[in-house]
Every structure is written in C-alpha cells, then in structure tokens.
Amino acid sequence: MILIGERINGMFKDVGAAIKDKDAKVIQELAKKQAQAGANYLDINVGTAAADQEDAMKWLVETIQATPGGCKAGLCLDSQKPPVIAAGLKVADAANGIILNSTPLNKKSDEQILDKYIEMAEKAGPKASIIALTMDKNGVPQDVDTRVAIAAQIIQKAMEKGFNTERIFIDPIILPVKVPNAQVQPGSILAAMDQIRFLAEPAPHMTIGLSNLSQGAVERGLINRVFLAMAISHGLDSAIVDVLDRQLMDLVATSEMLMNKQIYSDSFLKVYSAG
C-alpha cells in the first residue's frame with residue numbers, strides 16, 4: 001500500500017500559520033513524524049495559506065528537504081495549478097520519489113492540463129508519477145460509467161505520449177458522505193475501481209483522498225477506516241491519509257495481510273510498521 005501523508009496542507013490551521021510565518025520547525029516536525037509513521041510520500045499542499053503559492057510551494061519543499069536527520073519519504077506536490085507544481089519541482093530532490101497531484105482530464109480554462117502534468121513528470125525523471133482525477137471540464141461525475149470513461153481517456157492519453165501506466169494514479173474522487181444524496185457515492189467509487197483496474201496492462205495505481213469522505217461527520221475516524229478496508233478489497237493500492245492515526249495504520253497492515261500481500265506472523269503489525 002502506497003501511503004501519502006496528508007498533514008502538510010495549508011488548510012490545517014497549524015500548517016497554514018507555519019506557511020505564513022515561515023516557521024520551518026512545524027513543517028519539519030510533521031515531515032519527520034509522518035515518515036516515521038510509515039508515509040511513503042508526503043502530500044505538500046499550500047492551500048489558501050499564501051498569496052504567492054509558487055513561492056510557498058518552493059519554501060515547503062526546501063524546508064522538508066532540510067529536515068534535521070533527513071526525511072526519507074518522497075514528495076507529492078499537490079496543486080491543480082501547473083505553475084505551482086513547476087515551482088516545487090525546481091527545488092525538489094527526486095531521489096525518494098515524486099508524485100504530481102492532481103490533474104483532471106481537462107478544464108474549461110485549460111484543455112491541455114493533463115498534458116502539462118505528464119510533461120512535468122517526464123522532466124522530473126523516470127520514476128515520477130501523476131495523480132489524475134476522474135474529473136473533466138464538466139465537473140465531478142456522479143455516476144460509475146462517467147468516472148470509468150474519464151479514467152479510460154486519461155490512460156489513453158498517457159499511453160499515446162508513451163507514459164507508462166504504472167506511473168499513473170487514478171483518483172475516482174470520494175465525496176463527503178454527509179452531503180445530501182452523497183451516501184450512494186462510496187458504492188459508486190468501489191464499482192468504478194472494479195473496472196478501472198482492468199483498463200490497462202500494467203494496471204494504473206488507484207488512490208483516494210480518504211479524509212474527504214468524512215468531512216463534517218462526527219465519527220470521522222471510524223468512517224475513514226471502514227471505507228479504506230472496503231476499498232483495499234476492491235484494488236485500492238494507495239491513499240492520502242492521516243498516517244499518524246495508529247488504528248488506521250493497523251487496519252492497512254491487517255488488510256494487506258488478509259489480501260495475501262503480507263505474510264502472516266503473530267507479530268505482523270510490528271513487521272509491517274518496521275517495513
């Protein structure tokens with residue numbers, strides 16, 4: 001399971017304040033804690049914390065890379081604005097991996113946005129990947145068939161450009177379950193994933209921003225954990241999550257073991273954490 005730590009996001013109050021004040025300690029502490037907790041990548045999202053998002057993205061990348069003792073997690077640069085991604089790439093060390101998050105198939109304001117993300121990933125190195133949303137200029141689809149059709153178009157465009165499908169993470173976009181009429185969406189996500197994983201060989205990765213599911217709900221942790229287990233059984237192999245949630249990390253380890261992706265032992269939780 002490829003785990004992407006969600007906490008370095010300007011939408012969190014502590015991170016937003018750290019970006020505004022250029023408080024490196026807060027960012028580096030979060031980077032270190034998430035890497036130690038098992039994050040393979042750190043999502044880096046300026047959010048609305050800075051007027052100059054390009055400068056803020058550069059500062060975040062440089063700050064994380066300067067973490068005392070080092071930070072072995074890869075970087076997941078998160079913005080739907082190509083110049084913000086490009087700013088982060090200028091100073092990013094791709095040694096531990098790079099993911100560019102996130103691009104829709106197209107936008108009304110930018111028909112070529114997916115092409116730009118693919119081109120930036122190619123320049124970043126042969127292991128750089130992209131997260132592509134099942135979303136186009138018409139917005140977020142509400143049904144299974146449209147999600148799958150958009151995913152197919154994303155994969156087709158990548159293949160036409162010679163971009164390996166293993167470097168694509170498809171995000172079918174989970175919506176808050178508390179929003180009116182949205183309770184059907186988790187089932188639609190699972191149904192879409194059942195089809196998306198067969199769209200190419202090798203199959204693209206599949207990921208979700210898990211915390212979006214429980215926005216505004218009371219039992220946030222419970223909702224997130226249960227759906228994550230369900231999604232893993234449908235082929236989800238990546239997620240943007242709170243890796244500091246120990247119960248969630250134990251759930252990932254247990255799901256991987258029950259899906260025969262990890263060898264069982266009585267200490268399988270400790271073995272997974274150590275890995």
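Values in this text are rule-based calculations from the coordinates and carry no lab data. The structure displayed is predicted, hence computed values, not measured ones. Cβ sites come from the backbone with ideal geometry, for glycine too, and all protein chains shown count toward neighbours.
Please work out how much length the chain gains when fully extended from Arg220 to Glu62, using 0.36 nm per residue of separation minus the C-alpha to C-alpha distance, in nm with one decimal. Walk me through the numbers on the way to the answer.
Working: separation 158, 0.36 × 158 = 56.88 nm, distance 3.22 nm.
Between Arg220 and Glu62, full extension yields an extra 53.7 nm.
Please list, by residue number, every one of the trypsin sites (Lys or Arg not before Pro) in segment 105-196 that is coil in DSSP and has at most 13 other beta-carbon atoms within 10 Å. Present the calculation step by step, with values, prior to reporting the outcome.
Numbers: sites: Lys107, Lys108, Lys116, Lys123, Lys127, Lys137, Arg147, Lys157, Lys161, Arg167, Lys178; in loops: Lys108, Lys127, Lys137, Lys161, Lys178.
Here the trypsin sites (Lys or Arg not before Pro) that fit, given the DSSP loop and packing criteria, are Lys108, Lys137, Lys161.
Looking only at Leu77, Leu210, Leu222, which one moves most when the chain is put into a Gaussian network model with springs between Cα atoms under 10 Å?
Between Leu77, Leu210, Leu222, it is Leu222 that shows the largest mean-square fluctuation.
Rounded to the nearest 0.05, what FRET efficiency is calculated for Gln142 and Glu201 with R0 set to 30 Å and r the Cβ-Cβ distance?
The formula returns an efficiency of 0.55 here.
Can you flag which of Lys127/Lys157; Lys107/Lys178; Lys22/Lys58 are past 20 Å Cα-Cα? Show your work: numbers first, answer last.
Numbers: Lys127/Lys157 18 Å; Lys107/Lys178 27 Å; Lys22/Lys58 12 Å.
The answer is Lys107/Lys178.
Antiparallel DSSP bridges in the chain: what percent, to the nearest 5?
Values: 2 of 29 bridges.
Expressed as a percentage, antiparallel bridges in the chain total about 5.
How many nm is it between the label spots at Met159 and Lys107, if each spot is 7 Å from the Cα in line with the beta carbon?
2.8 nm
What are the ³J(HN,Hα) values, in whole Hz, obtained from phi via the Karplus relation 6.51 cos²θ - 1.76 cosθ + 1.60 with θ = phi - 60°, for each residue of segment 83-89 in sequence order, with x given for Gly and Pro?
Result, ordered by residue: x, 5, 4, 4, 5, x, 5 Hz.
I'd like the antiparallel share, as a percent to the nearest 5, of DSSP beta bridges with both residues in segment 47-165. Before the final figure, lay out the partial values.
Values: 2 of 10 bridges.
Bridges in segment 47-165 that DSSP calls antiparallel: roughly 20 percent.
Which of the chymotrypsin sites (Phe, Trp or Tyr not before Pro) across segment 197-275 are loop residues per DSSP, with 12 or fewer other Cβ within 10 Å? Provide the component values of the computation, followed by the final result.
Numbers: sites: Phe198, Phe227, Tyr264, Phe268, Tyr272; in loops: Phe198, Tyr264.
Counting only loop positions with at most 12 other Cβ atoms within 10 Å, the chymotrypsin sites (Phe, Trp or Tyr not before Pro) in segment 197-275 are Phe198, Tyr264.
So what is the relative contact order for segment 2-274, in percent, with contacts set as C-alpha pairs under 8 Å and at least six apart?
Numbers: 493 pairs, mean separation 41.1, N = 273.
Across segment 2-274, relative contact order equals 15 percent.
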